[in-house]
Amino acid sequence: MTNSLVNKTGKHKNGMTRRHRKQMIFIFSLMLFPISQWLIFWLYPNVTNLVLPFTTYDFFEGKIVFAGFENLLTEFGKVFSTPATRNAFFNSWRALPINFIILPISVIVGYAFSKHVPGERIFRILFFIPSIISTVTLVLCFKYIFEYAPSADLTGPGAQLLHKIGIDWHGWNMEYPQQVWTMIYIYCIWAGFSVNVIMISSAMQRIPEALIESAKLDGTGFWRELWSIRIPLIMPTISVFIINSIMCVTSFFLVPMTFMTTKGPEGIFDTFPWLMLRHVEENGLDPSTMIAVSTLGFILMICLTPIIIVTKAITDKITPDVSF
């Protein structure tokens, strides 16, 4: 006796076969785990972080209550009212000039790689090495190279070289913050452009060779080829790099934290992400700490979002509609 919902071919009245139904169940079971991870570890924390800045912790009732914009405005005022938090806020933006210095260097070196210069493969490996070594390990090696402690005979070879060429380098001394920040810039540029070089050179190599040959027949020179042909055609890749560079403001803390280990007087080496991390370490994950940290992150997001939106609109406008 045949079920009324299934015909003799095993096909349901809604048009779905048993095999198709099993495939759908199998696909759903595969998707269940990553979807649940996304809901638990991405959606829930981010929605919570967006809600917490508009709340406050009621110590008398022992619960989080809605506070409107009161808590957000209070914390926003605190950020700029004390030198320590103000320095932490502005130090976070130091990531921007670092990344925008890396961009032209990456484009020029990537262009050289795309021209298949002698020893290209060896140089690719050498440039890529910093990106596969742990950041903490790389920072500590760089720090010891430029260590300056003549009284303890611990001066590194980098510091000795700087003194020999006439640069008055005082080591990782808090009394000379501009020197220290300059050296941190140099490290970030050296260690940060390796991946970008590989990414940009790979984007350039996807440009059809026939297009480049046609330009050469028209008399296009070395630099004209880079500026008028290759850069416009890899603008989608460059626009992604620019957006990621701006977003690095929210994660710029590991390098200065590893170099200096302390924020220094009035937070001269502090950054906003480092301030948030230290706030949790010192106070634990109690409700008031969670609200304070979420509010700090929300303030940074408020300042960063308009810049990202405007930058994305500009890069989309100047980016040609190409796909290689």
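Considering (1) under 30 Å from residue 72 (Cα atoms); (2) without any contact (Cβ under 8 Å) to a residue 40 or more places away in the chain; (3) of a type in the set (Ser, Thr, Tyr), the lone condition that residue 220 does not fulfil carries the number (1). Tallying residues that are surrounded by fewer than 16 Cβ atoms within 10 Å (Cβ to Cβ) and either free of Cβ contacts under 8 Å to residues at least 60 places away in the same chain or not in a helix (DSSP H, G or I) (or both) within segment 116-146 yields 17.
Residue count for segment 114-147 under the criterion of being at pLDDT below 85, closer than 27 Å to residue 184 by Cβ and hydrophobic (A, V, I, L, M, F, W, C): the result is 8. Is it the case, given these coordinates, that residue 174 is assigned to a loop (DSSP other than H, G, I, E, B), in contact with a helix residue (DSSP H, G or I) (Cβ under 8 Å, 6 or more places away or on another chain), aliphatic (A, V, I, L, M) and closer than 28 Å to residue 96 by Cα? Answer is yes for this residue.
Against the numbered list (1) more than 23 Å from residue 198 (Cα to Cα); (2) without any contact (Cβ under 8 Å) to a residue 24 or more places away in the chain; (3) of a type in the set (Val, Ile, Thr), residue 64 comes up short only at (2). If you scan segment 68-107, which residues turn out to be of a type in the set (Asp, Glu) and either surrounded by fewer than 16 Cβ atoms within 10 Å (Cβ to Cβ) or under 26 Å from residue 242 (Cβ atoms) (or both)? 70 - this is the single residue of segment 68-107 that is of a type in the set (Asp, Glu) and either surrounded by fewer than 16 Cβ atoms within 10 Å (Cβ to Cβ) or under 26 Å from residue 242 (Cβ atoms) (or both). Which ones in segment 153-169 are in a loop (DSSP other than H, G, I, E, B) and in contact with a Gly (Cβ under 9 Å, 6 or more places away or on another chain)? Scanning segment 153-169 gives 155, 156, 169. Take the residues in segment 173-228 that are more than 30 Å from residue 132 (Cα to Cα) and of a type in the set (D, E, K, R), then tell me which one is modelled with the highest pLDDT. Among them, the one singled out is 175. Taking the criterion of being more than 9 Å from residue 111 (Cβ to Cβ) and out of contact with any Pro (no Cβ under 8 Å at 6 or more places or on another chain), the residues of segment 223-238 that qualify are 223, 224, 227, 228, 229, 234, 236, 237, 238. Might you check whether a residue that is in a loop (DSSP other than H, G, I, E, B), surrounded by 12 or more Cβ atoms within 10 Å (Cβ to Cβ), out of contact with any strand residue (DSSP E or B) (no Cβ under 8 Å at 6 or more places or on another chain) and modelled with pLDDT under 85 occurs anywhere in segment 1-23? Yes, segment 1-23 has at least one match.
The values are calculated or read from the model by the stated rules, or taken from the named source; none is laboratory data. Nothing here was measured: the structure is a model prediction, and the numbers come from that model. Every residue, glycine as well, gets a Cβ built from its backbone with ideal geometry; the counts of neighbours run over all protein chains shown.
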